[in-house]
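The values are calculated or read from the model by the stated rules, or taken from the named source; none is laboratory data. The structure presented is a predicted model; accordingly, all values stated were derived computationally and were not measured. Glycine gets a Cβ as well: all are built from the backbone with ideal geometry, and neighbour counts include every protein chain shown. Only protein heavy atoms, including side chains, enter the accessible area calculation; ligands, DNA and RNA are left aside. Shrake-Rupley method; radii C 1.70, N 1.55, O 1.52, S 1.80 Å.
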Amino acid sequence: MGALIQVEELRKTYRVGGGTLDVLKGVSLTVAEGEFVAIMGPSGSGKSTLMQILGLLDRPSAGTYRLLGLDVSRLTDDEGAALRSKVIGFIFQMFNLLARTSALDNVALPMLYTGEPGRAARATELLTEVGLGDRLDHAPNQLSGGQQQRVAVARALTNRPRLIFADEPTGNLASDQAEDILRRLVEFNRAGITVVMVTHEPDIAAYAKRVIKLKDGVIVSDEANPSPRIPFGEPAAKAAGGALTKVPLPRGLTAVELREHFVSALKSMLANKVRSALSMLGILIGVTAVIAMLAIGKGAQKSVEERLSSLGSNLLMLFPSAPRGAGGARGGAGSFSRLTLDDVAAIRRSNPGILLAAGEVNGGVQVVYGDQNASTTLTGGTADYAAMHNDAPYYGRFFTEQEDKDRARVALLGQTVVTELFGDANPVGKTINVNHIKFKVIGILPRKGSGGFRDQDDVVVVPLNTAMRRVLGSYYLNMISIECANPQVMDGVMDAVRTLMRKRHRLPDYKDDDFTLRNMADIQAALAGTSQVFSLLLGIVAAISLLVGGIGIMNIMLVSVSERTREIGLRKAIGATRRAVLIQFLIEAAAMSTLGGIIGILLGCAIAFVMSTWAGWAAIVTPQSVILAFAFSAGTGVLFGFWPARKASLLSPIEALRYE
Ligand code: ADP
Ligand code: MG
């Protein structure tokens, strides 16, 4: 049989502190296919170092190493990983099983990195073979030392290796368990697998067919063992080894591998519940805040838009306001200008483009029916009010011009007032008291919903003259609505009204207007402006919270990587490429942040729901905001998980395995 392992003048030098330590000082050695070699020597003589170089876990400082005739110094890390996964099986003194992972999954793990199907079947077969057919679901901490090592032995066989390296495989076992492991090594060797075993016990080395002794980094003897010890119970020869004809290439990621990493990410989150919860808190709070704020903002915007569109786009509004510019500062409350019914009449005549002009007054009142009472807003309007404000009664009728002239005591109620005074009963035809004056209810106004923070249904509408003379006792209007014939005449009407009002108020040229004239376009533009500021603030909140959340995730991933250094080393030893490790940790980070994001989305929706039902604010969660929050939280995990994941992927397998 040809040479499987061929090393010449192999050297390994470690840098320790300031100086260097020569651990291997020129080792030359050939191992043929089918041999069973024991490497012996006192502690610290370099046995493990040699085995790790032979197993492609470490690289020599000098010398050449050919495995299967291949110069391994030319292989990249990932090619080395692929070769390890196909050709080599490892058994370590410390077993190195994945914690919290079943025996079955531990044994199936090497096949994850080769992408071969039938993992569970193969793992079951191997575990049954090592006598653990009834322990498939046991995690390492539910198994004895001997059983754990048998799992490790089964794992070494998973990918049908040609070569098994065992470093003190019985070092941590009682003698009967040790015997069992050795019997299996002999068995494998008889089936054609080459075995290289490191041990410092002559009793153990006696099973090998060849014994190499190492001292201070050089081979001091290399002898055949003419009569290897036969383990208790004659081993059965099984065909275990498969022939490898060409060097395998590292391969891409499979869907199975992705799913496996996702499941293991969930497992590790479950294993560290509190820690994971705390680290996703940043993202969770951020996403919650953004979803809730977006929902409330959207709701407010929508109700304002609805109200505006219900007012009609041909409408102008004239409000009294304090003059500005006269003394450089705003006047006090007393210097507010006043709007009168004469103004309304003058405005109506001022421009042919004006269809209607109507005054409006508002004031707080107390309304009583029977033993129920409520404080609400009284609005006095003309008979045109219903048409101009899209307020045709939902039930009953509106008042007439004649009733307005007669100062009739008739009222229409908003739906909030109806509920407060009458409950479910029909109020039309009933008599109520408004500030101790009797009014007959003639209709119910349509439901308008809340406009931002004000309930538009909490209102009583009465004729303008009635309101001014009988109830509020006011001579001045709170607002004049002007309806134009069409949008084209609007600018002309605005100019005419402004000129008229300045003249009526005798304003000299150097003074500013003492009234505010608005059209719907202005109001819409003002609203758009505030919603832009709102969006900007929201964006800043989102960015800060995602940054804080991302740092939390990065921090915990760094902890996780250093905690699991041995696991990473093991995964690499059994064939995980750099990319596989990188992806594993990226998935873990993304899973954590996405979970935080999902909980945040749910919480944000819940807050929006509570707001809209209890506080009466409209809150609308849009699908876009949910998708955006989801994508951002997943993206944050990937972004901030990248550095820790890369750190994990670059760990050298042997440094990782030696890590304590
Ligand atoms: P053993 O024959 O007991 O298995 P090892 O091969 O593990 O010995 O180690 C041989 C020597 O190399 C020891 O003296 C150890 O201290 C040293 N050594 C091993 N690994 C490192 C390392 N990463 N850095 C520095 N020194 C090391
Ligand atoms: Mg050792």
Around residue 61 (Cβ within 13 Å, Cβ-to-Cβ, excluding residue 61; K/R +1, D/E -1) the net charge comes to +2
In a solvent-free Debye calculation with one equal scatterer on each Cα, what is log10 I(q)/I(0) for the stretch 58-208 at q = 0.10 Å⁻¹, listed in the order of the q values? -0.36
Could you calculate, for the chain, the ratio of the Cα radius of gyration to the Kirkwood radius, expressed as Rg to Rh? 1.33
Partner lysines for residue 448 [C-alpha distance under 30 Å; skip if fewer than 8 residues away on the same chain]: 298, 302, 405, 430, 438, 440
If I ignore ligands, DNA and RNA and count only protein heavy atoms, how much of residue 458 is accessible to a 1.4 Å probe, in Å² to the nearest 10? 40
Cleavage-rule hits, trypsin sites (Lys or Arg not before Pro), the stretch 409-491, DSSP coil, Cβ neighbours within 10 Å at most 13: 447
Residue-normalised accessible area of the stretch 3-240, expressed per residue, 1.4 Å probe, Å²: 41
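Using only DSSP helix segments of four residues or longer, with each worth -39500 (n - 2.57), what per-residue ellipticity at 222 nm results for the chain after dividing by its residue count and rounding to 500? Can you show the working numbers first?
Details: 19 runs with 291 residues, N = 660.
When only DSSP H runs of four or more count, the value is -14500 deg cm²/dmol.
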Rounded to the nearest 10 degrees, the helix 103-112 long axis (Cα) sits at an angle to the longest Cα principal axis of the chain of 90
Please work out how much length the chain gains when fully extended from residue 650 to residue 401, using 0.36 nm per residue of separation minus the C-alpha to C-alpha distance, in nm with one decimal. 81.0 nm
Straight-line reach from residue 86: which aspartates and glutamates have Cα under 14 Å away, leaving out those fewer than 8 places along the same chain? 78, 116
Roughly speaking, to the nearest percent, how much of the stretch 3-240's 1.4 Å accessible area is carbon and sulfur? 49
Could you list, bin by bin from short to long, the percent of Cα-Cα pairs of the stretch 334-513 in 5 Å steps? 1, 8, 16, 19, 17, 14, 11, 7, 4, 2, 1, 0
Pick out, in residue order, every one of the trypsin sites (Lys or Arg not before Pro) in the stretch 476-574 that is DSSP loop and has at most 13 other C-beta atoms within 10 Å; say none if there are none. 506
Find out how many positive minus negative residues lie around residue 279, taking Lys and Arg as positive, Asp and Glu as negative, among other residues whose Cβ is under 14 Å from that of residue 279. 0
Proximal lysines to residue 213, defined as alpha-carbon separation beneath 24 angstrom and excluding residues fewer than eight positions away on the same chain: 12, 25, 47
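Report, to the nearest whole %, how much of the accessible area of the stretch 334-513 belongs to carbon and sulfur atoms, 1.4 Å probe, protein only.
Solvent-exposed carbon and sulfur of the stretch 334-513 make up 47 percent of the total.
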Could you tell me the center-to-center distance, by alpha carbons, between the stretch 66-113 and the stretch 584-614 in angstrom? 39
Over the Cα atoms of the stretch 7-130, compute the convex hull volume and normalise it per residue, giving Å³. 161
Contour minus Cα-Cα distance for residue 256 and residue 551 (0.36 nm per residue): 103.2 nm
Tell me the net charge near residue 484. Cut-off is 15 Å between Cβ atoms, residue 484 excluded, with +1 for each Lys or Arg and -1 for each Asp or Glu. -1
